[in-house]
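Working notes, beginning with the structure itself.
The numbers here are math on the coordinates, done by the rules we state, and not lab data. In this text, all values refer to a predicted model and were calculated from it rather than measured experimentally. Neighbour counts run over all protein chains shown; Cβ positions are idealised from the backbone, glycine included.
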Amino acid sequence: MSLEKTLVILKPSAVQRGLIGEVTSRFERKGLRLAGMKMMQLTDELLNEHYAHLAGKPFFQRVKESMMACPVVVCCYEGVDAVQIVRSMTGATNGRVAIPGTIRGDYCVSSQENIIHTSDSPKTAAEEVNRFFKPEELFEYKQCTLQHLYYEDEYKLV
């Protein structure tokens, strides 16, 4: 099994509240490998592409305005079943119903200002990673703790 990449966006609500370190440390402690990270100001054009599936919804403009309120931090994490792990750790979209112990369950009370965006499938993750990162912004390196995170038949060294 090879290692899977996934996208995480720490939204303006996370940046404004000073939660970047809190959130990223959870993924690191879990054992996911950080392959790329940068701060950027999202544009209307990029958000139109990223949230194209919401274009017909009445809240579409509000979502875009929220995501452009200040810079965001985009991250690419890697691991066995990384998409599913990140989604489980993130919790329900609405922070009011997210289970305590999840990122949203611990840090937010809103369905809109909900701290974090995560890819919802391996296919979407590949598209989103390519949307937000140039190839030279992603780094391949051997994680020295790999043999302590997985049994040797759970991963394939590249």
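Quick rundown of the values:
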quantity	calculated
Pairwise FRET efficiency - LEU34 versus LYS57, Cβ, R0 = 30 Å, nearest 0.05	0.40
Distance violations [Cα-Cα > 24 Å] among LYS5/LYS57; LYS57/LYS134; LYS38/LYS142; LYS11/LYS57; LYS11/LYS142	LYS5/LYS57; LYS57/LYS134; LYS11/LYS142
The chain: DSSP helices with Cα axial extent of at least 24 Å and average Kyte-Doolittle hydropathy no lower than -1.0	none
Table column - 3J(HN,Hα) (Hz), the range 136-141, Karplus curve with 6.51, -1.76, 1.60, x for Gly and Pro	6, 8, 10, 10, 9, 7
For the range 4-154, with +1 on Lys and Arg beta carbons and -1 on Asp and Glu, the positive-most of VAL15, MET89, TYR151 along the dipole	VAL15
Helical mean residue ellipticity (222 nm; -39500 (n - 2.57) per DSSP H run of 4+; nearest 500) of the chain	-10000 deg cm²/dmol
Check: the range 4-154 dipole with +1 on Lys, Arg Cβ and -1 on Asp, Glu Cβ, in debye	540
Dipole axis of the range 4-154 (+1 Lys, Arg; -1 Asp, Glu on Cβ), positive-most option in PRO100, CYS76, HIS117	PRO100
Local electrostatic count at GLY91 - Lys and Arg +1, Asp and Glu -1, tallied over other residues with Cβ under 12 Å	+3
Largest-first principal axis extents, alpha carbons of the range 91-134, Å	33, 17, 14
Per-residue Cβ neighbour rank within 10 angstrom, fewest leading, THR124, THR43, THR102, THR118	THR43, THR124, THR102, THR118
Summed residue charge, Cβ within 14 Å of ALA69's Cβ, Lys/Arg positive, Asp/Glu negative	+1
Global geometry of the range 74-158, whether rounded, prolate or oblate, following the gyration tensor of its Cα atoms and the 1.5 cut on a/c	oblate
Calculated Rg and Dmax of the chain using C-alpha coordinates, Å	15.6, 48
